[in-house]
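See below for the structure under consideration.
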Amino acid sequence: MHVTTVERSFEPCSESGWYGYDVHLSEPIDGALIDALAALGRLSRIRTLKRPFFTVRGDGFLLRGITGDRFLRAGFAKKDAPELSDILSAIDANRDPAD
Amino acid sequence: MIYLNNAATSYPKPSCVPEAVCQALFAPPREGRRGTLDAGSAEADCRVLLARVLGVKDPERIFFTSGATESFNLILRGLDPAGKTSVVTAYEHNALLRPLWALAGGERVRVACPDRKGIIAPETISELAKDAAFVFVNHCSNVTGAVQGLPALSAAAHASGALLIADVSQSAGLMPLDLDESGADIAVFTGHKALFGPAGTGGFFLRKGVSLPAAKWGGTGTGGKAVLSGEPEQFEVGTQNLSGLAGLAMGASFVLEIGLAEIARTVREKTASLRGALGGMAGVRVYGAPSGGAAVAFNIRGLSPADVGYILLHEYDIVVRTGYHCAPLAADAIGAPEGTVRASLSCLTMQEDLERFLQAVSEIAAGAAEAARCT
């Protein structure tokens, strides 16, 4: 799995003072990716939905996504999103060598 | 897709609305004061229909703009609130708050908070409006649906010598209005919500005798050789949005055909049922009290409003609005400082869609509770 594109999100994160990005992935989100992202902050999961939902919250950022989707939402307190590179690195570290 | 974001903009529109827009674009332009074609212009038709919707006997007291935001900007520029005291309710929308703050600053603005039932008491206005020039009242909250009593609040404002400017953006087309009898000096509306018109339509009612200097100038089709016109048409300068007004006229006609009382009854019943069902779910908190509006604001314990909106959209294909809903003062006033999830209906919202929405919220709330137990 790797990041295919990152784009500013339409979600009104900015109305709440946050700046949103959509991180598009080459493969569907799975447990291994969630575990990798969990190392960046506090993981919360709702497993009882048909497709489990997760958030990872850290200082100045949050991630949210649904298992099986090929994208996740990233929100940042600062407009220049300094934590974004760490998040992309965490996803790439989870990359399958054959990918 | 299940669409429950009608307080932002209504969807679907009745098919007659886009049809009217298309017909207007294909037909020879009939712009009342600027051509030689017979009467029957979109502007004139729309003004007459809106007068009926808004409860205004004289259609000429209604002026068109691109929506509530432009209306408030024009009105505030005309009234010139700088150096004067204004009172706003905690429910006001940024369409008013941002131009008011930009033109007057926040120091001379007083905020009227609602009681536990979400109502602004006339006594609160009487107290805050002493030496105030303007009182702004959001008639129907886009957050909680709380509906304010305009006649009593107008009387309170007038007793203090202040003008009462109402925002009926949420209530126009959703319930019977009687602006003539409301006491409001000015009332702002938008076309693309419960009136089912296209985006980019709206306007304001200006009571006869209320002075409002113009804030923009241009061609009106009237005034002859006069370079500077002082006529009422000065609020509608430049070529008007004829196709949009044709759609808005059809939207107004649609709601009048159903009947505003019937729309109000249907929406009130569905909203009350929705509010009751959400309030009965473990882990769900509903804000505000039952009232006449079509919005229900809630939160699910353990999840942010944005989390809930994300799950509803991506897992259930349900569209709601999350956050502050462009009414930033309301969040604290109703006890939801981090914002809320808002589900908002129109008279076209289907009961089965509401049932699917309730099932989704129930599953999410149960999941959040289970997650909390596991951590």
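Enumerate the amide H contacts of B:G202 below 5 Å, restricted to partners 5 or more residues apart or on another chain; note that Pro and chain-start residues carry no placed amide H.
Correct list: B:T65, B:G67, B:G191.
Using only the alpha-carbon atoms, how far is helix B:351-374 inclined from the longest principal axis of chain B? Give it as 0 to 90 degrees, nearest 10.
The angle comes out at about 50 degrees.
Which residues does a label at B:D353 reach in the range B:294-312, if reach means a backbone N under 15 Å from a point 7 Å past the Cα toward the Cβ?
Hits in the range B:294-312 for B:D353 at 15 Å: B:294-296.
Between helix B:68-79 and chain B, what is the angle of the helix's C-alpha long axis to the longest principal axis, kept within 0 to 90° and rounded to the nearest 10?
The helix B:68-79 is inclined about 50 degrees to chain B.
If you average 1/r over all unlike Cα pairs in the protein assembly as shown and invert the result, what Kirkwood radius do you get in angstrom?
It is 24.0 Å.
Could you check which residue among B:P59, B:P122, B:P12 shows the biggest mean-square fluctuation in a GNM of chain B with a 10 Å Cα cutoff?
Sorting by GNM fluctuation, first place goes to B:P12.
Just name one of A:A90, B:A194, B:G276: the one whose Cα is farthest towards the positive end of the charge dipole of the protein assembly as shown (beta-carbon charges, Lys/Arg +1, Asp/Glu -1).
Sorting the options by dipole projection puts first B:G276.
Sticking with the crude label model, points 7 Å out along Cα→Cβ, report the distance from A:K79 to B:W217 in nm, one decimal please.
With each label placed 7 Å out from Cα toward Cβ, I get 3.6 nm.
Am I reading the B/A interface right? What is its buried accessible area, both sides, 1.4 Å probe, to the nearest 100 Å²? Intermediate values should be presented prior to the final figure.
Details: alone 15870 and 5670 Å², together 19890 Å².
Summing both chains' loss of accessible area gives about 1700 Å².
Quick one: order B:C22, B:C16 from most to least accessible surface, probe 1.4 Å. Let's see the in-between values first.
Details: B:C22 70, B:C16 35 Å².
Final ranking, largest accessible area leading: B:C22, B:C16.
Please give the contour-minus-distance gain from B:R265 to B:A82: 0.36 nm per residue of separation, less the Cα-Cα distance, rounded to one decimal in nm.
On the way: separation 183, 0.36 × 183 = 65.88 nm, distance 4.14 nm.
That works out to 61.7 nm of additional length.
Give me the percent of the accessible area of the range A:3-93 that comes from carbon and sulfur atoms, probe 1.4 Å, all protein chains in place.
The computed percentage sits at 51.
Rounding to the nearest 10 and keeping the result within 0 to 90°, find how far the Cα-based axis of helix B:16-26 lies from the longest principal axis of chain B.
Between the helix axis and the principal axis of chain B, the angle is about 40 degrees.
Give the accessible surface of the range B:87-239 per residue, rounded to a whole number of Å², with probe radius 1.4 Å and ligands, DNA and RNA excluded.
Values: 5780 Å² over 153 residues.
In whole numbers, the range B:87-239 has 38 Å² accessible per residue.
Per DSSP H run of at least 4 residues, take -39500 (n - 2.57); add these up for chain A, divide by its residues and hand me the 222 nm value, nearest 500 deg cm²/dmol.
Numbers: 2 runs with 18 residues, N = 99.
Only helices count here, giving -5000 deg cm²/dmol.
Where only protein heavy atoms count, and the probe is 1.4 Å, what is the accessible area per residue for the range A:3-93 in Å²?
47
Return the distance in nm (one decimal) between the two label points of a simple spin-label model at B:D317 and B:F26, each offset 7 Å from Cα along Cα→Cβ.
Placing both labels 7 Å beyond Cα along the Cβ direction yields 3.1 nm.
Which whole-number percent is the relative contact order of chain B (Cα, under 8 Å, 6+ apart)? Write down the numbers at each step before the final one.
Numbers: 768 pairs, mean separation 85.0, N = 375.
Over chain B, the number comes to 23 percent.
Indicate the residues belonging to the range B:284-315 that lose 30 Å² or more of solvent-accessible heavy-atom surface (probe 1.4 Å) upon moving from the chain alone to the assembly of all protein chains, ignoring ligands and nucleic acids.
Residues meeting the cut-off: B:A306, B:D307, B:Y310, B:I311, B:H314, B:E315.
Output wanted: per-residue J couplings in Hz (rounded whole) for the range B:210-219, from phi through Karplus 6.51 cos²θ - 1.76 cosθ + 1.60, θ = phi - 60°, x for Gly and Pro.
7, 7, 9, x, 5, 10, 8, 9, x, x
Roughly speaking, what is the stretch gain from B:D58 to B:M1, that is 0.36 nm per residue apart minus the C-alpha to C-alpha distance, in nm to one decimal?
16.4 nm is the gain from fully extending B:D58 to B:M1.
Taking all protein chains in place and a 1.4 Å probe, what share, in percent, of the accessible surface of chain B do carbon and sulfur account for? Could you put the intermediate results ahead of the total?
Details: 8320 of 15040 Å².
Carbon with sulfur: 55 percent of the solvent-accessible area.
Pairs B:K84/B:K117; B:K130/B:K216; A:K79/B:K13; B:K13/B:K216; B:K84/B:K208: which are spaced more than 27 Å apart, C-alpha to C-alpha?
In this structure, B:K84/B:K117; B:K130/B:K216; A:K79/B:K13; B:K13/B:K216 lie more than 27 Å apart at Cα.
Using 0.36 nm per residue of separation minus the Cα-Cα distance, give me the extension gain between B:D332 and B:R373 in nm, one decimal.
Values: separation 41, 0.36 × 41 = 14.76 nm, distance 2.86 nm.
Stretched fully, the B:D332-B:R373 segment lengthens by 11.9 nm.
Based on Cβ point charges of +1 for Lys and Arg and -1 for Asp and Glu, what charge dipole magnitude is obtained for chain B about its Cα centre, in debye rounded to the nearest 20?
Values: 31 positive and 36 negative charges, 80 e Å.
So the magnitude is around 380 debye.
In terms of the Cα gyration tensor, with a ≥ b ≥ c the square roots of its eigenvalues, is chain B rounded because a/c is under 1.5, prolate because a/b exceeds b/c, or oblate? Each step should come with its number before you reach the end.
Working: a/c = 2.17, a/b = 1.38, b/c = 1.57.
Because a/c hits 1.5 or more and a/b fails to exceed b/c, chain B counts as oblate.
The values are calculated or read from the model by the stated rules, or taken from the named source; none is laboratory data. Just so you know, these numbers come straight off a predicted model, no measurement behind them. Every residue, glycine among them, receives a Cβ derived from its backbone with ideal geometry; neighbour counts consider all protein chains shown. Accessible surface is based on the protein model in full, side chains and every heavy atom, while ligands, DNA and RNA are left aside. Shrake-Rupley method; radii C 1.70, N 1.55, O 1.52, S 1.80 Å.
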